[in-house]
Amino acid sequence: MPQSVAEESERYIARGIAHVKIPPPSRPPVTVSFVLMPRFTMLAFTSAIEPLRAANQMTEKVLFKWRVHSESGAPIACSNGVPVLPDAPLSEAGSSDYVLVCGGVEPDAGCSAELTDWLRKQWRHGGTVGGLCTGAYALARAGILNGHRFTLHWENIPNFTEKYPDLSPERRIFCIDDRIVTCAGGVASAELALKLIEDYYGAELSQAVMNMCLLGQIRRGEEEQLSSLSVRLGTRNDHLIRAVAYIEAHVEDEIDLGECARHLGISRRQLERLFQRYLDTTPLQYLNRVRLQHARSLLTETNLSVMQVAVACGFGSSSYFSKVFRTQYGVSPYKFSLTRKRAAD
């Protein structure tokens with residue numbers, strides 16, 4: 001049922017003090033449909049919607065309108081357990097300028113046939129669709145990411161590429177590629193929203209909204225999700241940075257540390273000294289830690305067997321993998337996987 005002007009104002013324009021004067025909009029409000037997957041990430045969702053709300057508040061105009069949907073329309077819990085009451089089920093969702101799927105933990109389990117069929121229909125009818133955080137899983141299953149640049153949260157990229165080897169996500173803050181809009185989630189959702197505000201209503205309003213949201217510095221879409229290796233490692237030692245980059249790029253391979261040292265132009269002993277001095281570990285221990293993190297992620301988010309995960313993470317045998325996994329996490333990979341699958345059911 002269409003809302004009156006008063007009802008729209010009540011819903012979409014909050015009262016505030018700060019004001020930004022803009023020319024009368026030359027187009028109708030930009031409409032956004034947020035689709036919440038089970039256990040979606042609240043930070044990704046609220047970071048996307050709040051800048052739109054602030055833009056309306058600061059201009060005292062309905063520049064953006066939004067509706068929130070879940071598959072059934074029933075309250076849906078996010079990853080921290082807080083329930084959110086949607087406006088309507090997918091079956092009652094109308095057309096909108098943007099459809100943004102908000103994913104979270106266990107994104108593959110939340111990609112139902114109803115959701116992916118609905119997304120595919122929106123896309124084929126000329127709509128712009130996108131994903132926040134891990135929403136790209138739903139887009140991939142709907143078959144609409146092929147040939148497009150896209151992104152999702154860095155933690156889920158290894159599992160995503162394992163499941164969709166023909167797709168290559170970028171480790172960027174957000175990507176806008178024709179009618180595909182994706183972002184890494186978290187505060188990157190706010191940066192995507194600020195980009196939309198700038199595109200439709202200008203840089204002055206986008207800057208004002210950024211200040212309202214207390215975002216001290218805005219990152220552009222092409223920037224990397226994670227801090228540089230030098231920041232992450234706490235050192236600018238070029239040999240160590242290149243060694244870590246080499247190891248992290250070859251997690252699934254049988255890495256010869258001697259070959260790694262030769263690649264860097266140093267001896268293996270020098271390589272080991274670098275890791276001991278700056279990271280208080282050995283290259284092999286660092287490699288195993290990275291592999292175990294990857295394995296834990298695969299066991300959490302995929303249906304791969306323990307043997308398949310061991311192979312995918314570069315372990316020589318499942319028995320050795322089980323041993324080091326139990327040492328690191330205090331439980332066998334089989335029990336860990338079984339526990340996660342039960343929790344998802």
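Derivation of every value follows stated rules applied to the coordinates shown; laboratory data play no part. Here the structure is a predicted model, which is why all the values come from computation and not from measurement. Every residue, glycine as well, gets a Cβ built from its backbone with ideal geometry; the counts of neighbours run over all protein chains shown.
Summary table
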quantity	calculated
Lys, Arg +1 and Asp, Glu -1 on Cβ, resulting dipole of the range 229-281 about Cα centre, debye, nearest 20	420
Loop-resident sites, the range 231-265, for GluC sites (Glu not before Pro), counting at most 15 other Cβ within 10 Å (DSSP)	GLU252, GLU254
Antiparallel bridges, percent of DSSP beta bridges restricted to the range 5-212 (to nearest 5)	25
Too-long pairs where the Cα-Cα distance tops 31 Å, listed order kept, from LYS65/LYS163; LYS163/LYS335; LYS21/LYS121	LYS65/LYS163; LYS21/LYS121
Listed residues ASN156, ASN303, ASN56, most fluctuating in the chain (Gaussian network, C-alpha, under 10 Å)	ASN303
Calculated [θ] (222 nm, deg cm²/dmol) that DSSP helices of n ≥ 4 give over the chain, each run adding -39,500 (n - 2.57)	-14000 deg cm²/dmol
Under the span-like rule (Cα at least 20 Å along the axis, Kyte-Doolittle mean at least -0.5), DSSP H helices of the chain	42-59
Calculated FRET value between LYS335 and ASN146, using beta carbons and R₀ = 41 Å, to 0.05	0.65
Rounded FRET efficiency, nearest 0.05, which uses the C-beta distance separating ARG262 from MET307 and R0 of 30 Å	0.40
Size of charge dipole - the range 5-212 - debye, nearest 20, with Cβ of Lys, Arg +1 and Asp, Glu -1, no other charges	240
For the range 183-225 and the range 120-148, distance of Cα centres in Å	22
Residues whose placed amide H lies under 5 Å from that of LYS65, excluding near-sequence neighbours	VAL30, THR31, VAL32
Furthest towards positive pole of dipole, ILE157, ALA243, LEU132, structure part the chain, Cβ charges	ALA243
Förster radius 30 Å - calculated FRET efficiency between ALA113 and ASP199 (Cβ-Cβ, nearest 0.05)	0.35
Relative contact order for the range 229-281, counting Cα pairs under 8 Å that sit 6 or more residues apart, in percent	33
Farthest toward positive dipole pole in the chain [+1 Lys/Arg, -1 Asp/Glu at C-beta], among LEU292, ALA113, LEU214	LEU292
The range 1-82, relative contact order [Cα under 8 Å, separation at least 6], %	44
Estimated distance in nm for a label pair at ALA14 and GLU254, the labels positioned 7 Å out from Cα along Cα-to-Cβ	5.8
Extension gain, GLN207 back to ARG289 (0.36 nm per residue minus Cα-Cα distance, nm)	25.4 nm
Two-decimal Rg to Rh for the range 229-281 - Kirkwood Rh, Cα set	0.94
Aspartates and glutamates whose Cα lies under 12 Å from that of LYS61, excluding same-chain neighbours fewer than 8 positions away	GLU8, GLU10
Anchor LYS323: aspartates and glutamates whose Cα lies under 19 Å away (excluding residues fewer than 8 positions away in-chain)	GLU252, GLU254
Ellipsoid equivalent to the chain - semi-axes via the Cα gyration tensor, in Å	42, 25, 16
DSSP-loop trypsin sites (Lys or Arg not before Pro) across the range 118-159, with at most 11 other Cβ within 10 angstrom	none
For CYS102, distant residues with modelled amide H under 5 Å away	VAL35, LEU36, MET37, LEU132
Inter-label distance, nm, simple model (7 Å from Cα along the C-beta direction), ARG219/ALA6	4.6
The chain - percent relative contact order, Cα under 8 Å, separation 6 or more	13
